[in-house]
Amino acid sequence: TMAHPKALLVLENFIGGKFVPCSCYIDSYNPSTGDVYCRVPDSGKEEVEAAVKAAKDAFPIWSSKSPLERSQILNKLADLIEHDLEAFAQAESKDQGKTITFARTVDIPRAVYNFRFFASSILHHTTECTEMATMGCVHYTSRTPVGVAGLISPWNLPLYLLTWKIAPAIACGNTVVAKPSEMTSVTAWMMCKLLEKAGVPHGVVNVVFGTGAKAGEALVGHPDVPVISFTGSTLTAQRIVEKSALYCKRLSLELGGKNPAIVFDDADLAQCIPTTLRSSFANQGEICLCTSRIFVQRGIYSEFLKNFVAEAKKWKVGNPSDPTVSVGALISKEHLEKVRSYVKKAQAEGAKVLCGEGVDSLALPADNQKGYFMLPTVIAEVKDESCCMQEEIFGPVTCVVAFDTEEEVIRRANSVKYGLAATVWSSDVGCVHRVARRLQAGLVWTNCWLVRDLNLPFGGMKASGIGREGAKDSYEFFTEVKTITIKH
(Lines give C-alpha, C1' and ligand atoms only; values in the text may rest on other atoms or scores of the structure.)
Protein backbone atom coordinates (compact mmCIF):
# COMPACT_ATOMS: atom_id res chain seq x y z
CA THR A 1 0.00 0.00 0.00
CA MET A 2 1.03 3.62 -0.47
CA ALA A 3 2.93 5.50 2.24
CA HIS A 4 0.67 6.87 4.95
CA PRO A 5 0.93 10.15 6.81
CA LYS A 6 2.34 9.78 10.32
CA ALA A 7 -0.89 10.87 12.00
CA LEU A 8 -2.66 7.53 11.46
CA LEU A 9 -3.61 5.48 14.47
CA VAL A 10 -1.76 2.13 14.40
CA LEU A 11 -3.28 -0.71 16.41
CA GLU A 12 -1.34 -3.63 17.86
CA ASN A 13 -2.40 -7.12 18.90
CA PHE A 14 -2.83 -7.70 22.63
CA ILE A 15 -1.26 -11.04 23.58
CA GLY A 16 -0.35 -12.26 27.07
CA GLY A 17 -0.92 -8.83 28.59
CA LYS A 18 1.33 -6.97 26.12
CA PHE A 19 0.81 -5.00 22.93
CA VAL A 20 2.66 -6.76 20.12
CA PRO A 21 3.38 -5.18 16.72
CA CYS A 22 2.45 -7.13 13.59
CA SER A 23 4.47 -7.64 10.40
CA CYS A 24 1.69 -6.43 8.08
CA TYR A 25 -1.33 -4.16 8.37
CA ILE A 26 -4.72 -3.42 6.75
CA ASP A 27 -6.23 0.03 6.18
CA SER A 28 -9.36 0.92 8.11
CA TYR A 29 -11.54 3.77 6.85
CA ASN A 30 -13.51 6.51 8.52
CA PRO A 31 -16.92 5.84 6.88
CA SER A 32 -18.10 9.44 7.24
CA THR A 33 -15.20 10.86 5.19
CA GLY A 34 -13.99 7.92 3.09
CA ASP A 35 -10.41 8.46 4.33
CA VAL A 36 -8.05 5.88 5.81
CA TYR A 37 -7.70 6.75 9.47
CA CYS A 38 -6.25 3.67 11.09
CA ARG A 39 -3.96 0.69 10.45
CA VAL A 40 -5.09 -2.67 11.78
CA PRO A 41 -2.83 -5.73 12.18
CA ASP A 42 -3.34 -8.33 9.42
CA SER A 43 -2.84 -11.27 11.77
CA GLY A 44 -2.69 -14.91 10.77
CA LYS A 45 -1.64 -18.33 12.06
CA GLU A 46 1.44 -17.14 13.98
CA GLU A 47 -0.33 -14.40 15.94
CA VAL A 48 -3.30 -16.66 16.72
CA GLU A 49 -0.90 -19.40 17.84
CA ALA A 50 0.80 -16.97 20.26
CA ALA A 51 -2.56 -15.74 21.59
CA VAL A 52 -3.92 -19.26 22.12
CA LYS A 53 -0.73 -20.23 23.94
CA ALA A 54 -1.05 -17.19 26.22
CA ALA A 55 -4.71 -18.03 26.90
CA LYS A 56 -3.88 -21.68 27.67
CA ASP A 57 -1.11 -20.62 30.05
CA ALA A 58 -3.43 -18.24 31.89
CA PHE A 59 -6.28 -20.76 32.19
CA PRO A 60 -5.21 -22.69 35.34
CA ILE A 61 -4.89 -19.56 37.49
CA TRP A 62 -7.99 -17.76 36.16
CA SER A 63 -10.26 -20.81 36.27
CA SER A 64 -9.30 -21.55 39.86
CA LYS A 65 -10.35 -18.09 41.09
CA SER A 66 -13.68 -17.93 42.90
CA PRO A 67 -16.69 -16.45 41.07
CA LEU A 68 -16.57 -13.55 43.54
CA GLU A 69 -12.95 -12.72 42.65
CA ARG A 70 -13.76 -12.77 38.94
CA SER A 71 -16.88 -10.73 39.57
CA GLN A 72 -14.93 -7.97 41.31
CA ILE A 73 -12.51 -7.75 38.37
CA LEU A 74 -15.36 -7.54 35.82
CA ASN A 75 -16.98 -4.75 37.85
CA LYS A 76 -13.69 -2.87 37.95
CA LEU A 77 -13.36 -3.15 34.17
CA ALA A 78 -16.94 -1.87 33.76
CA ASP A 79 -16.09 1.15 35.94
CA LEU A 80 -12.97 1.93 33.88
CA ILE A 81 -14.84 1.80 30.55
CA GLU A 82 -17.63 3.93 32.00
CA HIS A 83 -15.09 6.47 33.23
CA ASP A 84 -13.86 6.81 29.62
CA LEU A 85 -17.35 6.61 28.10
CA GLU A 86 -17.01 9.76 26.03
CA ALA A 87 -13.66 8.75 24.50
CA PHE A 88 -15.04 5.29 23.68
CA ALA A 89 -18.20 6.81 22.13
CA GLN A 90 -16.17 9.23 19.98
CA ALA A 91 -13.93 6.40 18.79
CA GLU A 92 -16.86 4.07 18.03
CA SER A 93 -18.67 6.77 16.05
CA LYS A 94 -15.60 7.68 14.03
CA ASP A 95 -14.61 4.07 13.33
CA GLN A 96 -18.08 2.68 12.56
CA GLY A 97 -19.94 5.68 11.08
CA LYS A 98 -22.78 5.53 13.64
CA THR A 99 -24.02 8.75 15.19
CA ILE A 100 -22.27 10.00 18.31
CA THR A 101 -25.71 9.99 19.99
CA PHE A 102 -26.19 6.27 19.34
CA ALA A 103 -22.65 5.39 20.48
CA ARG A 104 -23.11 7.45 23.66
CA THR A 105 -26.56 6.19 24.58
CA VAL A 106 -26.53 2.62 23.26
CA ASP A 107 -23.16 1.07 22.35
CA ILE A 108 -20.87 2.08 25.19
CA PRO A 109 -23.40 1.98 28.06
CA ARG A 110 -24.40 -1.51 26.92
CA ALA A 111 -20.74 -2.62 26.82
CA VAL A 112 -20.37 -1.42 30.42
CA TYR A 113 -23.61 -3.14 31.40
CA ASN A 114 -22.50 -6.43 29.79
CA PHE A 115 -19.62 -6.63 32.29
CA ARG A 116 -21.78 -5.58 35.24
CA PHE A 117 -24.54 -7.98 34.32
CA PHE A 118 -22.32 -11.07 34.09
CA ALA A 119 -20.30 -9.94 37.13
CA SER A 120 -23.57 -10.18 39.00
CA SER A 121 -25.15 -13.24 37.37
CA ILE A 122 -22.06 -15.42 37.92
CA LEU A 123 -22.73 -15.18 41.67
CA HIS A 124 -26.22 -16.64 41.46
CA HIS A 125 -25.97 -19.90 39.51
CA THR A 126 -26.74 -23.15 41.28
CA THR A 127 -26.08 -26.72 40.23
CA GLU A 128 -28.57 -29.59 40.38
CA CYS A 129 -28.90 -32.46 42.81
CA THR A 130 -31.24 -35.48 42.89
CA GLU A 131 -31.61 -38.30 45.40
CA MET A 132 -32.26 -41.98 44.72
CA ALA A 133 -33.09 -43.10 48.24
CA THR A 134 -33.95 -46.65 47.14
CA MET A 135 -30.50 -47.08 45.60
CA GLY A 136 -28.72 -45.20 48.40
CA CYS A 137 -27.40 -42.72 45.87
CA VAL A 138 -27.15 -38.97 45.49
CA HIS A 139 -26.46 -37.38 42.11
CA TYR A 140 -25.23 -33.84 41.68
CA THR A 141 -23.86 -31.74 38.83
CA SER A 142 -20.73 -29.66 38.72
CA ARG A 143 -19.85 -26.98 36.17
CA THR A 144 -16.35 -26.05 35.10
CA PRO A 145 -15.03 -23.61 32.48
CA VAL A 146 -14.40 -25.10 29.04
CA GLY A 147 -10.94 -23.66 28.29
CA VAL A 148 -9.89 -21.18 25.63
CA ALA A 149 -12.86 -19.50 23.94
CA GLY A 150 -12.58 -18.07 20.42
CA LEU A 151 -14.79 -14.98 20.09
CA ILE A 152 -15.49 -13.38 16.71
CA SER A 153 -17.53 -10.19 16.66
CA PRO A 154 -18.93 -7.99 13.85
CA TRP A 155 -18.64 -4.35 12.76
CA ASN A 156 -22.15 -3.05 13.45
CA LEU A 157 -22.07 -2.80 17.28
CA PRO A 158 -18.34 -3.32 17.83
CA LEU A 159 -17.68 -3.02 21.57
CA TYR A 160 -21.29 -3.86 22.52
CA LEU A 161 -21.19 -7.29 20.83
CA LEU A 162 -17.55 -8.05 21.71
CA THR A 163 -18.20 -7.51 25.43
CA TRP A 164 -21.46 -9.51 25.22
CA LYS A 165 -19.11 -12.45 24.48
CA ILE A 166 -16.04 -11.62 26.59
CA ALA A 167 -18.01 -10.92 29.78
CA PRO A 168 -19.75 -14.31 30.15
CA ALA A 169 -16.71 -16.22 28.84
CA ILE A 170 -14.31 -14.84 31.46
CA ALA A 171 -16.96 -14.65 34.20
CA CYS A 172 -17.28 -18.44 33.88
CA GLY A 173 -13.51 -18.85 34.22
CA ASN A 174 -12.52 -19.33 30.58
CA THR A 175 -9.71 -17.42 28.92
CA VAL A 176 -10.29 -15.88 25.51
CA VAL A 177 -8.84 -15.05 22.14
CA ALA A 178 -11.06 -12.43 20.52
CA LYS A 179 -11.08 -11.24 16.94
CA PRO A 180 -13.10 -8.07 16.34
CA SER A 181 -14.01 -7.01 12.80
CA GLU A 182 -11.04 -5.57 10.92
CA MET A 183 -13.30 -2.64 9.97
CA THR A 184 -14.02 -1.62 13.58
CA SER A 185 -11.15 -2.60 15.86
CA VAL A 186 -10.38 0.63 17.71
CA THR A 187 -12.63 0.30 20.78
CA ALA A 188 -11.45 -3.30 21.38
CA TRP A 189 -7.86 -2.02 21.36
CA MET A 190 -8.82 0.78 23.78
CA MET A 191 -10.42 -1.76 26.11
CA CYS A 192 -7.16 -3.80 26.13
CA LYS A 193 -5.40 -0.77 27.65
CA LEU A 194 -7.69 -1.01 30.69
CA LEU A 195 -7.40 -4.75 31.39
CA GLU A 196 -4.31 -4.66 33.60
CA LYS A 197 -5.66 -1.77 35.68
CA ALA A 198 -8.89 -3.75 36.22
CA GLY A 199 -6.86 -6.65 37.57
CA VAL A 200 -7.37 -9.02 34.63
CA PRO A 201 -4.32 -11.34 34.75
CA HIS A 202 -2.08 -11.47 31.67
CA GLY A 203 -3.33 -13.89 29.02
CA VAL A 204 -6.95 -14.04 30.22
CA VAL A 205 -8.10 -11.71 27.42
CA ASN A 206 -6.12 -11.73 24.18
CA VAL A 207 -7.18 -9.73 21.15
CA VAL A 208 -5.93 -10.57 17.67
CA PHE A 209 -6.88 -8.15 14.90
CA GLY A 210 -7.32 -9.12 11.26
CA THR A 211 -9.61 -10.54 8.61
CA GLY A 212 -11.94 -13.50 8.85
CA ALA A 213 -10.14 -15.22 5.98
CA LYS A 214 -6.77 -15.16 7.79
CA ALA A 215 -7.10 -14.55 11.54
CA GLY A 216 -10.64 -15.94 11.86
CA GLU A 217 -9.76 -19.14 9.95
CA ALA A 218 -6.71 -19.72 12.14
CA LEU A 219 -8.73 -19.24 15.33
CA VAL A 220 -11.65 -21.45 14.29
CA GLY A 221 -9.33 -24.19 13.03
CA HIS A 222 -7.10 -24.21 16.14
CA PRO A 223 -7.22 -27.56 17.98
CA ASP A 224 -6.82 -25.90 21.41
CA VAL A 225 -9.89 -23.63 21.11
CA PRO A 226 -12.85 -25.87 22.04
CA VAL A 227 -15.54 -23.19 22.00
CA ILE A 228 -16.41 -20.57 19.37
CA SER A 229 -18.92 -17.76 19.73
CA PHE A 230 -19.59 -15.87 16.50
CA THR A 231 -21.87 -13.04 15.45
CA GLY A 232 -22.00 -12.26 11.74
CA SER A 233 -23.24 -13.54 8.40
CA THR A 234 -24.83 -16.90 7.72
CA LEU A 235 -22.27 -17.46 4.95
CA THR A 236 -19.29 -17.08 7.32
CA ALA A 237 -21.07 -19.31 9.85
CA GLN A 238 -21.22 -22.14 7.30
CA ARG A 239 -17.45 -21.86 6.95
CA ILE A 240 -17.03 -21.92 10.74
CA VAL A 241 -19.15 -25.05 11.07
CA GLU A 242 -17.02 -26.79 8.40
CA LYS A 243 -13.69 -25.71 9.91
CA SER A 244 -14.65 -26.67 13.46
CA ALA A 245 -16.30 -30.00 12.57
CA LEU A 246 -12.90 -31.71 12.71
CA TYR A 247 -12.67 -30.93 16.41
CA CYS A 248 -16.35 -31.21 17.44
CA LYS A 249 -16.22 -27.67 18.84
CA ARG A 250 -19.17 -26.19 20.66
CA LEU A 251 -20.63 -23.31 18.68
CA SER A 252 -22.86 -20.35 19.38
CA LEU A 253 -23.77 -18.61 16.12
CA GLU A 254 -25.80 -15.41 16.03
CA LEU A 255 -26.53 -14.72 12.38
CA GLY A 256 -28.68 -12.52 10.19
CA GLY A 257 -32.33 -11.63 10.26
CA LYS A 258 -35.09 -10.59 7.88
CA ASN A 259 -37.32 -9.39 10.64
CA PRO A 260 -41.03 -8.73 10.12
CA ALA A 261 -43.18 -6.14 11.84
CA ILE A 262 -46.87 -7.01 11.76
CA VAL A 263 -49.19 -4.05 12.20
CA PHE A 264 -52.85 -4.94 12.81
CA ASP A 265 -55.79 -2.59 12.20
CA ASP A 266 -56.15 -1.93 15.93
CA ALA A 267 -52.51 -0.90 16.43
CA ASP A 268 -51.77 2.36 18.26
CA LEU A 269 -50.10 4.21 15.39
CA ALA A 270 -48.93 7.04 17.66
CA GLN A 271 -46.58 4.48 19.29
CA CYS A 272 -46.14 2.17 16.33
CA ILE A 273 -44.85 4.67 13.78
CA PRO A 274 -41.98 6.24 15.77
CA THR A 275 -40.91 2.83 17.10
CA THR A 276 -41.05 1.19 13.66
CA LEU A 277 -38.97 4.04 12.22
CA ARG A 278 -36.38 3.27 14.89
CA SER A 279 -36.59 -0.47 14.31
CA SER A 280 -36.04 0.14 10.58
CA PHE A 281 -33.37 2.85 10.57
CA ALA A 282 -31.56 2.88 13.94
CA ASN A 283 -27.78 2.52 13.52
CA GLN A 284 -28.34 2.99 9.73
CA GLY A 285 -30.40 -0.22 9.72
CA GLU A 286 -27.19 -2.10 10.58
CA ILE A 287 -28.57 -4.16 13.47
CA CYS A 288 -29.42 -7.84 13.06
CA LEU A 289 -32.71 -7.09 14.89
CA CYS A 290 -33.81 -4.31 12.53
CA THR A 291 -37.23 -4.49 10.89
CA SER A 292 -37.01 -4.82 7.11
CA ARG A 293 -40.45 -6.18 6.22
CA ILE A 294 -43.47 -4.27 7.49
CA PHE A 295 -46.82 -6.03 7.02
CA VAL A 296 -49.74 -3.61 7.54
CA GLN A 297 -53.37 -4.72 7.67
CA ARG A 298 -55.29 -3.31 4.73
CA GLY A 299 -57.67 -1.17 6.81
CA ILE A 300 -54.87 1.15 7.93
CA TYR A 301 -52.36 0.51 5.14
CA SER A 302 -52.61 3.86 3.33
CA GLU A 303 -52.73 5.88 6.57
CA PHE A 304 -49.71 4.01 7.93
CA LEU A 305 -47.72 4.44 4.73
CA LYS A 306 -48.44 8.16 4.41
CA ASN A 307 -47.40 8.88 8.03
CA PHE A 308 -44.44 6.51 7.98
CA VAL A 309 -42.94 8.08 4.84
CA ALA A 310 -43.56 11.63 6.12
CA GLU A 311 -41.73 10.81 9.37
CA ALA A 312 -38.91 8.93 7.62
CA LYS A 313 -38.17 12.06 5.59
CA LYS A 314 -37.54 13.98 8.83
CA TRP A 315 -34.59 11.75 9.80
CA LYS A 316 -31.48 13.83 9.30
CA VAL A 317 -28.51 12.18 7.58
CA GLY A 318 -25.03 13.63 7.94
CA ASN A 319 -21.87 14.00 9.99
CA PRO A 320 -22.12 11.38 12.77
CA SER A 321 -20.53 13.75 15.31
CA ASP A 322 -23.39 16.25 14.84
CA PRO A 323 -25.79 15.59 17.77
CA THR A 324 -28.83 16.54 15.63
CA VAL A 325 -28.13 13.79 13.09
CA SER A 326 -30.12 10.53 13.34
CA VAL A 327 -28.49 8.54 10.53
CA GLY A 328 -24.71 8.24 10.20
CA ALA A 329 -22.57 6.63 7.50
CA LEU A 330 -22.75 3.00 6.39
CA ILE A 331 -19.72 0.88 7.23
CA SER A 332 -17.94 0.79 3.85
CA LYS A 333 -18.07 1.79 0.21
CA GLU A 334 -18.73 -1.84 -0.78
CA HIS A 335 -21.55 -2.19 1.72
CA LEU A 336 -23.18 1.05 0.54
CA GLU A 337 -23.06 -0.23 -3.06
CA LYS A 338 -24.64 -3.50 -1.98
CA VAL A 339 -27.48 -1.77 -0.12
CA ARG A 340 -28.11 0.57 -3.08
CA SER A 341 -28.20 -2.38 -5.47
CA TYR A 342 -31.21 -3.79 -3.58
CA VAL A 343 -33.12 -0.54 -4.10
CA LYS A 344 -32.30 -0.66 -7.83
CA LYS A 345 -33.50 -4.30 -8.02
CA ALA A 346 -36.77 -3.36 -6.32
CA GLN A 347 -37.34 -0.57 -8.86
CA ALA A 348 -36.52 -2.91 -11.75
CA GLU A 349 -39.16 -5.33 -10.41
CA GLY A 350 -41.79 -2.59 -10.43
CA ALA A 351 -41.84 -1.77 -6.72
CA LYS A 352 -42.32 1.86 -5.66
CA VAL A 353 -39.54 3.68 -3.80
CA LEU A 354 -41.48 6.26 -1.78
CA CYS A 355 -38.60 8.15 -0.19
CA GLY A 356 -34.86 8.03 0.17
CA GLU A 357 -32.36 6.51 -2.24
CA GLY A 358 -32.77 7.84 -5.79
CA VAL A 359 -35.93 9.77 -4.86
CA ASP A 360 -34.83 12.55 -2.50
CA SER A 361 -31.58 14.45 -2.67
CA LEU A 362 -29.02 14.12 0.08
CA ALA A 363 -27.22 17.29 1.17
CA LEU A 364 -24.00 16.58 3.06
CA PRO A 365 -21.48 18.90 4.79
CA ALA A 366 -18.30 19.59 2.75
CA ASP A 367 -16.11 17.21 4.79
CA ASN A 368 -18.57 14.34 4.37
CA GLN A 369 -19.01 14.43 0.59
CA LYS A 370 -16.93 11.26 0.15
CA GLY A 371 -18.57 9.42 3.06
CA TYR A 372 -20.82 6.37 2.70
CA PHE A 373 -24.22 7.96 3.36
CA MET A 374 -27.72 6.95 2.37
CA LEU A 375 -31.17 8.32 3.16
CA PRO A 376 -33.77 6.21 4.99
CA THR A 377 -35.55 4.42 2.15
CA VAL A 378 -39.11 3.06 2.12
CA ILE A 379 -40.24 0.66 -0.62
CA ALA A 380 -43.85 -0.35 -1.22
CA GLU A 381 -45.57 -2.87 -3.52
CA VAL A 382 -42.74 -5.40 -3.26
CA LYS A 383 -43.54 -9.04 -4.03
CA ASP A 384 -42.85 -11.54 -1.23
CA GLU A 385 -40.53 -13.49 -3.57
CA SER A 386 -38.36 -10.43 -4.29
CA CYS A 387 -34.78 -10.56 -3.00
CA CYS A 388 -35.64 -7.34 -1.13
CA MET A 389 -38.15 -9.34 0.92
CA GLN A 390 -36.03 -12.51 1.20
CA GLU A 391 -32.43 -11.41 1.75
CA GLU A 392 -30.89 -9.41 4.59
CA ILE A 393 -30.08 -5.92 3.24
CA PHE A 394 -28.56 -4.57 6.49
CA GLY A 395 -29.02 -0.91 5.62
CA PRO A 396 -31.57 1.90 6.02
CA VAL A 397 -34.11 0.20 3.73
CA THR A 398 -37.49 -1.20 4.69
CA CYS A 399 -40.33 -2.71 2.63
CA VAL A 400 -44.00 -2.05 3.44
CA VAL A 401 -46.73 -4.40 2.16
CA ALA A 402 -50.42 -4.95 2.90
CA PHE A 403 -52.11 -8.04 4.33
CA ASP A 404 -55.70 -9.09 5.05
CA THR A 405 -55.88 -11.91 7.61
CA GLU A 406 -53.95 -13.11 10.64
CA GLU A 407 -53.51 -16.57 9.10
CA GLU A 408 -52.07 -15.09 5.90
CA VAL A 409 -49.63 -12.73 7.59
CA ILE A 410 -48.19 -15.48 9.79
CA ARG A 411 -47.54 -17.61 6.72
CA ARG A 412 -45.92 -14.71 4.87
CA ALA A 413 -43.86 -13.55 7.86
CA ASN A 414 -42.48 -17.09 8.21
CA SER A 415 -41.70 -17.47 4.49
CA VAL A 416 -38.01 -16.49 4.69
CA LYS A 417 -34.97 -18.55 5.65
CA TYR A 418 -34.28 -16.38 8.72
CA GLY A 419 -35.96 -16.41 12.13
CA LEU A 420 -34.32 -13.95 14.50
CA ALA A 421 -36.80 -11.31 15.66
CA ALA A 422 -40.31 -10.04 14.96
CA THR A 423 -42.53 -7.25 16.21
CA VAL A 424 -46.32 -7.36 16.53
CA TRP A 425 -48.51 -4.27 16.87
CA SER A 426 -52.04 -4.80 18.18
CA SER A 427 -54.16 -3.83 21.15
CA ASP A 428 -55.86 -7.26 21.19
CA VAL A 429 -54.01 -9.28 23.82
CA GLY A 430 -55.36 -12.60 22.51
CA CYS A 431 -54.12 -11.82 19.01
CA VAL A 432 -50.70 -10.82 20.35
CA HIS A 433 -50.21 -14.14 22.16
CA ARG A 434 -51.50 -16.26 19.26
CA VAL A 435 -49.31 -14.55 16.69
CA ALA A 436 -46.20 -14.44 18.90
CA ARG A 437 -46.49 -18.16 19.49
CA ARG A 438 -46.69 -19.01 15.78
CA LEU A 439 -43.97 -16.72 14.45
CA GLN A 440 -40.69 -18.51 13.71
CA ALA A 441 -38.43 -16.11 15.58
CA GLY A 442 -36.22 -16.34 18.65
CA LEU A 443 -37.48 -12.95 19.90
CA VAL A 444 -40.92 -11.41 19.50
CA TRP A 445 -41.59 -7.86 20.70
CA THR A 446 -45.17 -6.67 20.91
CA ASN A 447 -45.99 -2.96 20.90
CA CYS A 448 -42.28 -2.18 21.43
CA TRP A 449 -38.85 -2.98 19.97
CA LEU A 450 -35.42 -3.88 21.34
CA VAL A 451 -36.41 -3.93 24.98
CA ARG A 452 -33.88 -6.47 26.29
CA ASP A 453 -33.62 -8.35 29.55
CA LEU A 454 -30.20 -9.99 29.51
CA ASN A 455 -31.50 -12.71 31.84
CA LEU A 456 -33.57 -14.17 29.04
CA PRO A 457 -32.44 -16.17 26.00
CA PHE A 458 -31.29 -14.29 22.91
CA GLY A 459 -30.83 -15.98 19.54
CA GLY A 460 -32.51 -17.12 16.37
CA MET A 461 -34.19 -20.00 14.59
CA LYS A 462 -33.53 -21.38 11.10
CA ALA A 463 -30.69 -19.57 9.26
CA SER A 464 -30.51 -16.98 12.06
CA GLY A 465 -28.26 -19.18 14.13
CA ILE A 466 -27.54 -21.92 16.63
CA GLY A 467 -27.78 -21.58 20.39
CA ARG A 468 -28.91 -18.88 22.76
CA GLU A 469 -27.15 -16.33 24.95
CA GLY A 470 -28.31 -14.81 28.24
CA ALA A 471 -27.66 -15.23 31.98
CA LYS A 472 -28.42 -18.96 32.13
CA ASP A 473 -27.78 -19.73 28.45
CA SER A 474 -24.32 -18.15 28.30
CA TYR A 475 -23.38 -19.85 31.59
CA GLU A 476 -24.38 -23.22 30.14
CA PHE A 477 -22.56 -22.50 26.89
CA PHE A 478 -19.29 -21.41 28.51
CA THR A 479 -19.10 -24.27 31.05
CA GLU A 480 -18.89 -28.06 30.88
CA VAL A 481 -21.40 -29.91 33.04
CA LYS A 482 -20.56 -33.14 34.81
CA THR A 483 -22.91 -35.50 36.66
CA ILE A 484 -21.41 -37.07 39.77
CA THR A 485 -23.04 -40.01 41.54
CA ILE A 486 -22.21 -40.94 45.13
CA LYS A 487 -23.38 -44.17 46.73
CA HIS A 488 -23.52 -43.96 50.51
Given a cut-off of 27 Å, name the pairs among K179/K313; K214/K249; K98/K197 whose C-alpha atoms lie farther apart than that in the structure shown. K179/K313; K98/K197
Given H placed on each backbone N at 1.01 Å, which residues far from A267 in sequence or on other chains put an amide H within less than 5 Å of it? S427
With a 1.4 angstrom probe the carbon and sulfur portion of accessible area for the chain, in percent, totals 56 percent
Treating only the Cβ atoms of Lys and Arg (+1) and Asp and Glu (-1) as charged, compute the dipole magnitude of the chain about its Cα centre; round to the nearest 20 debye. 540 debye
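Give, as a single signed number, the net charge of other residues whose beta carbon lies under 15 Å from the beta carbon of S32, with Lys and Arg counted +1 and Asp and Glu -1.
-1
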Roughly how far apart, in whole Å, are the Cα centres of the stretch 195-265 and the stretch 321-365? 29 Å
The stretch 7-29 versus the stretch 373-419: alpha-carbon centroid distance in Å: 41 Å
Work out the FRET efficiency for A363 and T126 from their Cβ-Cβ distance, taking R0 = 45 Å, and round it to the nearest 0.05. 0.15
Expected vector for the stretch 64-73, Karplus 3J(HN,Hα) from phi with 6.51, -1.76, 1.60 and θ = phi - 60°, integer Hz, x for Gly and Pro, equals 8, 6, 6, x, 5, 4, 5, 4, 5, 5
What does the charge dipole of the stretch 259-446 about its Cα centre add up to, to the nearest 20 debye, if the Cβ of each Lys and Arg holds +1 and the Cβ of each Asp and Glu holds -1? 300 debye
Spatially proximal aspartates and glutamates relative to K316 (Cα-Cα < 18 Å; intrachain offsets below 8 disregarded): E286, E357, D360, D367
What is the extension gain from D79 to Q271, computed as 0.36 nm multiplied by their sequence separation minus the C-alpha to C-alpha distance, in nm to one decimal? 65.6 nm
Kindly provide the helix-only [θ] at 222 nm of the chain, computed as the sum of -39,500 (n - 2.57) over DSSP H runs of four or more divided by all residues, to the nearest 500 deg cm²/dmol? -11000 deg cm²/dmol
Once phi for every residue in the stretch 243-260 is put through the Karplus expression 6.51 cos²θ - 1.76 cosθ + 1.60 (θ = phi - 60°), the whole-Hz ³J(HN,Hα) values, with Gly and Pro written as x, are 5, 8, 4, 4, 10, 6, 6, 8, 10, 10, 10, 10, 10, x, x, 9, 7, x
The chain: antiparallel DSSP beta bridges as a percent of all, rounded to 5: 45 percent
Cα shape, the chain, gyration tensor, a/c 1.5 rule: oblate
Ranked output for segments 412-425, 379-392 by mean other Cβ atoms within 10 Å, highest leading, reads 412-425, 379-392
Backbone N under 16 Å from the A133 label point (7 Å along Cα→Cβ), restricted to the stretch 457-488: 488
What nm value, rounded to one decimal, do you get for the distance between E334 and D322 when each label is placed 7 Å out toward the C-beta? 2.9 nm
Using the heavy atoms of the protein chains alone and a 1.4 angstrom probe, what is the accessible area of the stretch 259-446 per residue in square angstrom? 40 Å²
Global form of the stretch 40-86, assessed from the alpha-carbon gyration tensor, a/c cut-off 1.5: oblate
Can you give me the distance in nm between label points at L8 and R438, each placed 7 Å from the Cα along the Cα-to-Cβ direction? 5.6 nm
Residue among F304, V378, L364 farthest towards the positive dipole end of the stretch 259-446, charges placed on Cβ: L364
Would you mind working out the accessible area per residue for the stretch 80-124, using a 1.4 Å probe, and quoting it in Å²? 36 Å²
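The values are calculated or read from the model by the stated rules, or taken from the named source; none is laboratory data. In this text, all values refer to a predicted model and were calculated from it rather than measured experimentally. We place every Cβ from the backbone using ideal geometry, glycine too, and count neighbours over all the protein chains shown. Heads up: the accessible areas ignore ligands, DNA and RNA and are worked out on the full protein's heavy atoms, side chains in. Shrake-Rupley method; radii C 1.70, N 1.55, O 1.52, S 1.80 Å.
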